[in-house]
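Peer 1: Before anything else, here's the structure in question.
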Amino acid sequence: MKTRPGPPVIPSERGGCPFDPPAEYSRLRAEEPVSPVTFQVAPKDTSGWLVTRHDLVRQILADDRFSHRNELLAHVVAPPFPMTEYAPQPSPPGSFAKMDAPEHTKYRRLLAGHFTLRRIQGYEPRLTRIVDEALEEMAAKGSPADLVSDFAEKVSLRSVCSLMDVSPELMDGIQEHFGALMTLTYTLEEFIHHVESMDALIRPMVRERMAERGKDFFGRLAATGELAEDELVNLAVLTLGGSLDTTPNMLALSTFALLEHPDQLALLRARPELYEAGAVDELLRYLTISQMGSSRCALEDVEIGGTTIRAGQTVVLSLPAANRDPEVFDDPDRLDVTRVPRKHLALGFGAHQCLGQHLARASMRIGLRSLFERFPALRLATPAEEVPLRDRAVHYGVDQLLVAWD
């Protein structure tokens, strides 16, 4: 079966700047912040809404009258094979990202203690060593290097191995299969292959940890006695796989953005305390890699911004558009590392806000600062317009970023 690209349900054509979302968002946000969209779902098209204004996006993210359940929303980021061959199903037990309370609450509660700010702060010395080791290996390999594979992905993979007590071999396999599913270019057969392969990799590890119930990450989860084997397997797929897609994309894309904004990079070199003050969150806001946004299904009729969302209708919440809203952020299309963008939505809002947000911020802060300190003459090794972009993926970024140094 051949792969076919699904029709976009939201604006997808970017302009000349690789860091700006589609220009159409600006018009929609100003003129029609709740605008109609159509989803191509067999056997017929179904209508929904695209929300682009910051206050409305934030309102919906915090409203429990909108559901995040998988069986209601699988058509939003449609698989690239015909929908007639794929019937949306409820999320399997443990895969809590596409669940509502109380199921979502149960799994998030079990995980939350492992990702608190205090726990991540205690982990930072180890994270710093991981970053430094990767940079030394990149230096030894020599210039030029691919910042994606030689640094960003390496740091993320090793960090997950260290924090969640799993082997590099296991993570290599998960990275291959989970990463393939994030590209939105797979066939139905490939989809089944990647899902089954991840299960085959993770299930033996889970059975071992459930038997031992040790003090490692998954051993402690097993020791709660609240999780069956399938639940812990699916929980592991989500926590291990999810961390290998977002953080590497943000590290590499942030490096690209700073190299293309030398005035902002100069500020960070002169005032490295800005990383802690707000520069990391400004990069999260400015880049907002969740290009598909977030989505919810109305459980009852709800009025949003003067528009009635009918029960059963889907709303796509454009996080990139919301994070460029001039009503919230002054001069929003400008990267400003001195800004403290407290209201940005790059990590979500409400019950589904990113569980690993403290780890993500720490990885960016330590990774970017160490990178530019280790290589003060870092530069792009190819013209910016030749950098390959991940514009057909769940999360925006770069597929490769060749960099050089003296």
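Peer 1: Scan the range 339-374 residue by residue and report those that are of a type in the set (Phe, Trp, Tyr) and closer than 24 Å to Phe329 by Cβ.
Peer 2: Phe349
Peer 1: Sticking with this structure for a sec: Report, ordered by the first and then the second residue, all pairs with beta carbons closer than 7 Å, sequence separation of six or more or different chains, a first member in the range 372-383 that is surrounded by 18 or more Cβ atoms within 10 Å (Cβ to Cβ), and a second member that is among the aromatic types (Phe, Trp, Tyr) and at pLDDT 95 or above.
Peer 2: Phe375/Trp405; Leu378/Phe372; Leu378/Trp405
Peer 1: In this structure, does Ala112 turn out to be surrounded by fewer than 15 Cβ atoms within 10 Å (Cβ to Cβ), among the hydrophobic types (A, V, I, L, M, F, W, C) and in a loop (DSSP other than H, G, I, E, B)?
Peer 2: For Ala112, the condition - surrounded by fewer than 15 Cβ atoms within 10 Å (Cβ to Cβ), among the hydrophobic types (A, V, I, L, M, F, W, C) and in a loop (DSSP other than H, G, I, E, B) - is not met.
Peer 1: Are any residues in the range 391-406 among the aliphatic types (A, V, I, L, M) and more than 15 Å from Arg379 (Cβ to Cβ), and if so, which ones?
Peer 2: Ala393, Val394, Val398
Peer 1: Looking at this structure, is Val316 at pLDDT 95 or above and either under 20 Å from Val34 (Cβ atoms) or in a loop (DSSP other than H, G, I, E, B) (or both)?
Peer 2: no
Peer 1: Collect the residues in the range 159-203 that are surrounded by 17 or more Cβ atoms within 10 Å (Cβ to Cβ), among the polar types (S, T, N, Q) and at pLDDT 90 or above, keeping them in residue-number order.
Peer 2: Once the filter is applied, which keeps residues that are surrounded by 17 or more Cβ atoms within 10 Å (Cβ to Cβ), among the polar types (S, T, N, Q) and at pLDDT 90 or above, the range 159-203 yields only Ser159.
Peer 1: Restricting attention to the range 324-367, and to residues there that are closer than 28 Å to Glu153 by Cβ and of a type in the set (Val, Ile, Thr), which single residue is surrounded by the fewest Cβ atoms within 10 Å (Cβ to Cβ)?
Peer 2: Here the residue is Ile366.
Peer 1: If the requirement is being modelled with pLDDT under 95, touching an Asp or Glu at 6+ places or on another chain (Cβ under 9 Å) and closer than 15 Å to Asp281 by Cβ, which of these qualifies: Arg365, Arg361, Arg324, Arg342?
Peer 2: Going through Arg365, Arg361, Arg324, Arg342 in turn, the sole match is Arg342.
Peer 1: Also: Out of the range 133-160, which residues are of a type in the set (A, V, I, L, M, F, W, C) and within 23 Å of Gly397 (Cα to Cα)?
Peer 2: Once the filter is applied, which keeps residues that are of a type in the set (A, V, I, L, M, F, W, C) and within 23 Å of Gly397 (Cα to Cα), the range 133-160 yields Ala134, Leu135, Met138, Ala145, Leu147, Val148, Phe151, Ala152, Val155, Leu157, Val160.
Peer 1: Shifting gears a bit: Look at the range 205-227 and say how many of its residues are under 20 Å from Glu169 (Cβ atoms), in a helix (DSSP H, G or I) and under 27 Å from the mean Cα position of the chain (by Cα).
Peer 2: Residues meeting the conditions: 5.
Peer 1: May I ask you to list pairs of residues, at least six apart or on different chains, whose Cβ atoms are under 6 Å apart, with the first in the range 276-299 being on the phi > 0 side of the Ramachandran plot and the second being part of a strand (DSSP E or B)?
Peer 2: Gly293/Val316; Gly293/Leu317
Peer 1: Sticking with this one: Is it true that some residue in the range 157-176 is more than 19 Å from Pro93 (Cβ to Cβ), in a loop (DSSP other than H, G, I, E, B) and in contact (Cβ under 8 Å) with a residue 60 or more places away in the chain?
Peer 2: Within the range 157-176 (the criterion being more than 19 Å from Pro93 (Cβ to Cβ), in a loop (DSSP other than H, G, I, E, B) and in contact (Cβ under 8 Å) with a residue 60 or more places away in the chain), the answer is yes, since at least one residue qualifies.
The values are calculated or read from the model by the stated rules, or taken from the named source; none is laboratory data. What you see is a predicted model, and the numbers here were worked out from it, not measured in a lab. With ideal geometry, Cβ positions are generated from the backbone for all residues, glycine too; neighbour counts draw on all protein chains shown.
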